[in-house]
Amino acid sequence: MTEESRFILDPATRDLHADNRRLREAGPLVPVTAEGVPAWAATRYATLLTVLTHPNLSREICHWAARHSSPPGTAIDRIVTDTSMLNAEGDEHRRLRTAVAGAFTPRRLEGLRPKIESLTGRLIDRLADLPPDQPVDLRKEFAYPLPREVISELIGIPAGHQDELHELSDAVAQVGGSLDDTPELRKALHELLGQIIDQRRDTPGEDLITDLFRLREQDGVRLSTDELFATIELLFIAGHVTTVNLITNAIGALLNEPGQLDLLRSGKCPFSAAVEETLRWDSPIAYFPMRYAVRDIEIDGVHLRAGEPILACFASAGRDPGHYGEAAHLFDLTSPPATHLSFGHGPHFCLGAPLARLEAEVALTALFGAFPEIAPAAPPEELCPLDTLLGNSTRTMPAVLGP
Ligand code: HEM
């Protein structure tokens with residue numbers, strides 16, 4: 001494969017679902033250049049499933065043959081170089097994941113439900129105070145603040161530090177805008193996390209940072225300072241950025257498919273079905289970096305050499321006609337509940353999936369219940385997509401709420 005014949009994945013110019021259709025048609029594993037990094041893209045559902053569980057594919061960056069020659073400062077580089085569970089395997093991965101898994105048990109999450117409902121209620125009240133015929137950006141005013149507040153509460157980010165942490169982590173994760181470089185930002189983020197951790201150490205609470213301190217005293221789950229930072233940063237970023245996209249994408253789908261919205265309002269389909277169908281049809285994560293071949297392997301007839309990276313194409317797998325049939329491109333709540341890979345699969349399956357599902361279900365039920373006349377304020381093709389390789393959503397979601 002020559003450099004010229006690789007697909008270029010560029011968030012600045014992409015048309016995500018059209019690009020993905022071309023990628024799927026080109027094969028199950030397609031050579032791409034993702035923000036300057038040559039990689040294989042796993043484009044179809046079955047191939048992505050294989051990739052997510054393959055014993056000879058690893059998330060550990062040490063297996064990436066070209067890691068020293070990749071362009072510095074790409075989004076991929078920023079995400080893969082931390083020391084969180086996302087980039088660990090085997091016993092190391094288990095140790096890092098076990099340290100925080102207790103915060104995501106069904107019991108702990110049910111305990112968060114009243115908080116999520118009251119936060120949602122407050123946001124709805126604020127929306128209801130706006131002029132009913134004036135367009136409002138529901139991404140900014142609704143989809144964004146809810147997951148941000150919830151994850152801050154769960155982690156134990158004091159109110160006085162939330163705005164700064166949100167700004168820094170948004171910048172690092174490039175939510176909805178492009179940034180030239182992040183080393184300075186990352187340093188500032190770490191300084192801030194250090195202050196927050198010190199504060200929790202002095203005044204422990206019912207939160208994840210306090211739990212992590214207690215665990216640090218125990219053998220077997222001890223986290224280094226770097227690991228503690230990386231874990232908090234991962235949870236904070238993963239815990240709101242993707243859920244904002246999920247809620248935004250679901251609102252967009254339902255505003256533009258009134259027939260589907262009627263199914264929910266009439267009780268024929270539960271709101272949880274809309275959450276699952278959005279995850280499949282418009283995955284909040286477009287492409288996710290990277291797994292690396294530990295040795296030479298073959299997947300779906302394609303030979304991969306040791307050290308080569310593979311990009312997981314979650315949004316593409318969700319619309320694969322080979323798995324979902326010829327109507328895969330349609331948002332349809334009447335088809336039987338479909339499985340999807342949008343939370344991953346296997347050992348790295350999303351730790352926050354139950355939380356994201358709960359937040360999105362509460363948010364959609366409240367929004368569409370409160371505003372019976374809600375309507376889109378711009379056609380979907382006029383909305384700007386996010387300028388990131390990883391995220392899949394629009395930068396705004398304008399709607400008129402109505403009386
Ligand atoms: C992992 C998607 C929300 C925390 C993952 C993975 C995916 C994903 C695809 C697996 C990555 C891989 O295998 O390479 C999503 C989506 C979300 C969401 C679509 C929202 C709609 C959340 C939330 C949290 C969270 C709310 C935390 C509060 C994590 C963590 C991992 C992870 C910690 C790493 C797990 C591991 O490596 O063992 N997520 N996520 N995510 N997610 Fe989520």
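Before moving on, here are some points about what is shown:
- Number of the exception - GLY267 against (1) touching a residue at least 40 places away in the same chain (Cβ under 8 Å); (2) under 21 Å from GLY369 (Cβ atoms); (3) small (Gly, Ala, Ser): (1)
- Qualifying residue in segment 280-289 (condition: farther than 30 Å from SER335 by Cα and under 23 Å from the mean Cα position of the chain (by Cα)): yes
- Looking across segment 147-169, the residues that are within 15 Å of the ligand (Cβ to nearest atom) and either of a type in the set (S, T, N, Q) or assigned to a helix (DSSP H, G or I) (or both) come down to PRO147, ARG148, GLU149, VAL150, ILE151, SER152, GLU153, LEU154, ILE155, LEU165, HIS166, SER169.
Rundown of residues vs (1) near the ligand (Cβ under 7 Å from one of its atoms); (2) of a type in the set (S, T, N, Q), yes/no style:
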position	(1), (2)
ALA315	no, no
ARG319	no, no
HIS323	no, no
ALA327	no, no
SER335	no, yes
GLY344	yes, no
ALA353	yes, no
ARG357	no, no
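- Scope segment 83-105; condition within 11 Å of the ligand (Cβ to nearest atom), under 13 Å from LEU235 (Cβ atoms), not in a loop (DSSP other than H, G, I, E, B) and not β-branched (Val, Ile, Thr); matching residues: MET85, LEU86, LEU96, ARG97, ALA99, ALA101, ALA103, PHE104
- Looking at segment 216-319, the helices (runs of 4 or more DSSP H) lying wholly inside it that each contain 3 or more residues that are of a type outside the set (A, V, I, L, M) sit at 225-255, 258-265, 271-281.
- Tabulated pairs, segment 106-133, first over 18 Å from ALA360 (Cα atoms), second modelled with pLDDT of 95 or more and surrounded by fewer than 17 Cβ atoms within 10 Å (Cβ to Cβ), C-beta under 7 angstrom, 6+ apart or interchain: ALA128/ALA370
- Only a single item in (1) modelled with pLDDT under 90; (2) farther than 18 Å from THR83 by Cα is not met by ALA173, and it is number (2).
The values are calculated or read from the model by the stated rules, or taken from the named source; none is laboratory data. What you are looking at is a predicted structure, and each value in this text was computed from that prediction instead of being measured. All Cβ positions, glycine included, derive from the backbone under ideal geometry; neighbour counts span all protein chains shown.
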